[in-house]
Structures are given as structure tokens and as C-alpha cells.
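This report concerns only the one structure given below.
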Amino acid sequence: MSKKLKRSKNQLVAGVCAGFAEYLGWDVTLVRILYVLISIFSAGFPGILIYLACWMIMPVED
């Protein structure tokens, strides 16, 4: 059975980071911290655009 990337219902904002964490089998806190660090060190703006795009594109978990 193949895994599907979906937004999680275990959400803080939109469930994007939690969805990535579940897909990768990582801790959701680690994914959120990595996202924030990458966003800060890439001037923040691209990270926000990527998050919003994922929020709109990724389907919600059943």
C-alpha cells in the first residue's frame, strides 16, 4: 500500500507540517522547527508562499 501526502487533522494552522511529518514518519515538532528555520534563513517570504500553496493543493486527511 502506497502512502499519500495529505494535510493532517493534527493541525496547528492548516495541517501541512503535520501531514509532511506523518508522510515521512518524523516527529511533527521536528518538521515544524525545520520549517521555521528554513523560512527564517531564506528571508521568510518563500516559506510562506510554499506553505500557502501546500495548504491549497494538499487534500485533507479522511
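Remarks
- Being out of contact with any Pro (no Cβ under 8 Å at 6 or more places or on another chain) and either at pLDDT 90 or above or among the β-branched types (Val, Ile, Thr) (or both) is a property that does not hold for TYR51.
- Output for the range 29-61, where each listed residue is of a type in the set (Ser, Thr, Tyr) and without any contact (Cβ under 8 Å) to a residue 24 or more places away in the chain: THR29, TYR35, SER39, SER42
- Which numbered condition PRO59 fails, given (1) surrounded by 14 or more Cβ atoms within 10 Å (Cβ to Cβ); (2) at pLDDT 85 or above: (1)
- Enumeration of residues in the range 25-62 that are in contact with a strand residue (DSSP E or B) (Cβ under 7 Å, 6 or more places away or on another chain) and among the aliphatic types (A, V, I, L, M): MET58, VAL60
- Residue match in the range 6-28 (condition: touching a residue at least 24 places away in the same chain (Cβ under 8 Å), β-branched (Val, Ile, Thr), in contact with a helix residue (DSSP H, G or I) (Cβ under 8 Å, 6 or more places away or on another chain) and surrounded by 13 or more Cβ atoms within 10 Å (Cβ to Cβ)): yes
The values are calculated or read from the model by the stated rules, or taken from the named source; none is laboratory data. Keep in mind the model is a prediction, meaning the values are calculated, not measured. With ideal geometry, Cβ positions are generated from the backbone for all residues, glycine too; neighbour counts draw on all protein chains shown.
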